[in-house]
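Student: The structure is given below, and queries will be raised subsequently.
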Amino acid sequence: MRAIQYAAPRSLGDAVAILQERGNKARILAGGTDLIVQVGEDARDVDVMVDGKHIPELMELSFDPEKGLTLGAAVPCYRIYEHPEIKKHYPGLVDSTSIIGGTGIQGRASVGGNLCNSGPAADSIPTLIAYGATVRIVGANGERTVPVENFCTAPGRNVLAADELLISIHLPAPSAHSGACYLRFIPRNEMDIAVVGAGVSITLDDNGIVTAARVALAAVAPTPLFVPEAGDSLVGKAPTEEAIAAAAEIAKNTARPISDMRGTAEHRKHLVGVLTRRALHRALERARA
């Protein structure tokens, strides 16, 4: 057993200074539901945990009908799915945040932490991609913005440099006649890791024709997988059963799953088609509502 230091900076500048000094030996603690377990199992070599929950920007949760939604990187899941404006305008985000672990986990776990853990099966990341979310990052060289679909680079890896931290996630204001949905398949009824997940969004014009659509998948590639071709195939069309089935088939054919103890590659590909089709139908219902 070895001692691990705890730091509780009150500003972004102080947090960045710690990361500059300690490099890869420091990790931001957003909720800790992944990090603490990984350190305990020697999966991560950490000397200091930097608690982000005392930094105001990391705890921001705000919605503006014109600007959209800002989620601080350390905002716990329960605050997200209990928020009335999020329930109304971002139901797909409620779908994913309400199934990350159990109720106790959701009191600590954050979407920012889920994103920075960068697991291929993460439940929140396909939803963020479907909503066209971007992330705000700060480090020793200043701030930058990255689309969520470009954030994860490999299993457990992402674009953050050793001296950088995730500040917040921004979701654009929802368009009229738009809807989103996240569905996953798990072997158990709850508190399990996705064998496959599908996050989608769809936007209609006043005549019911699709003007935009996005599809993203979990657990079928080394990183959460954005499939722009699937969404693009719907644009300019009426969202018929045939059009939705064709988009789901594109997603199925794009998936690159492996076989492991949780499922075969063949089974996962089949599930991609099923879940994408079901999620698009549910998103369509929400858009029409």
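The values are calculated or read from the model by the stated rules, or taken from the named source; none is laboratory data. Quick caveat, the model's predicted, so the values are computed rather than measured. Cβ placement follows ideal geometry from the backbone for every residue including glycine, while neighbour counts extend to all protein chains displayed. Ligands, DNA and RNA are stripped out before the accessible areas are found, and what is left, the full protein with its side chains, is counted by its heavy atoms. Shrake-Rupley method; radii C 1.70, N 1.55, O 1.52, S 1.80 Å.
Student: Output the residues belonging to segment 141-154 that are assigned to a loop (DSSP other than H, G, I, E, B) and surrounded by 13 or more Cβ atoms within 10 Å (Cβ to Cβ).
Tutor: Phe151
Student: Could you check how many residues of segment 67-86 are in a loop (DSSP other than H, G, I, E, B) and crowded, with 24+ Cβ neighbours inside 10 Å?
Tutor: Filtering segment 67-86 down to residues in a loop (DSSP other than H, G, I, E, B) leaves 67, 73-75, 82-83.
Add one more test, that the residue is crowded, with 24+ Cβ neighbours inside 10 Å, and what stays is 73-75.
Adding up the residues that qualify gives 3.
Student: Right, here's the next one. Quick one: His89 ticks every box in (1) open to solvent by 60 Å² or more (accessible area, probe 1.4 Å); (2) on the phi < 0 side of the Ramachandran plot except a single one, so which number is it?
Tutor: (1)
Student: Ok, one more. So in segment 180-219, with the set limited to residues that are under 21 Å from Phe151 (Cβ atoms) and outside any strand (DSSP E or B), which one is modelled with the lowest pLDDT?
Tutor: Selected residue: Ile193.
Student: Under the condition of being out of contact with any helix residue (DSSP H, G or I) (no Cβ under 7 Å at 6 or more places or on another chain) and touching a residue at least 24 places away in the same chain (Cβ under 8 Å), which residue from segment 15-27 is nearest to Ala74 (Cα to Cα)?
Tutor: Ala15
Student: Please go through segment 51-66 and give me each residue that is open to solvent by less than 30 Å² (accessible area, probe 1.4 Å) and either touching a residue at least 60 places away in the same chain (Cβ under 8 Å) or part of a loop (DSSP other than H, G, I, E, B) (or both), ordered by number.
Tutor: Gly52, Ile55, Leu58
Student: Within segment 15-49, count every residue that is open to solvent by 80 Å² or more (accessible area, probe 1.4 Å) and either of a type outside the set (A, V, I, L, M, F, W, C) or within 18 Å of Val138 (Cα to Cα) (or both).
Tutor: First pass over segment 15-49, keeping only residues open to solvent by 80 Å² or more (accessible area, probe 1.4 Å): 20-21, 24, 36, 41-42, 45.
Retained after the next criterion (residues that are either of a type outside the set (A, V, I, L, M, F, W, C) or within 18 Å of Val138 (Cα to Cα) (or both)): 20-21, 24, 41-42, 45.
The qualifying residues number 6.
Student: If you don't mind, another one. Write out, first by first residue and then by second, each pair whose Cβ atoms fall under 9 Å of each other, whose residues are 6+ apart or on separate chains, and whose first residue, in segment 268-281, is in the same structural domain as Gly92 (by TED's automatic domain parsing) and on the phi > 0 side of the Ramachandran plot while the second is among the hydrophobic types (A, V, I, L, M, F, W, C) and in a helix (DSSP H, G or I).
Tutor: Partner pairs satisfying both residue conditions: none exist.
Student: Something else: Tell me whether segment 117-136 contains one or more residues that are assigned to a helix (DSSP H, G or I) and open to solvent by 40 Å² or more (accessible area, probe 1.4 Å).
Tutor: No, segment 117-136 contains no residue that is assigned to a helix (DSSP H, G or I) and open to solvent by 40 Å² or more (accessible area, probe 1.4 Å).
Student: What single numbered condition from (1) open to solvent by 30 Å² or more (accessible area, probe 1.4 Å); (2) under 30 Å from Gly101 (Cβ atoms) fails to hold for Ala194?
Tutor: (1)
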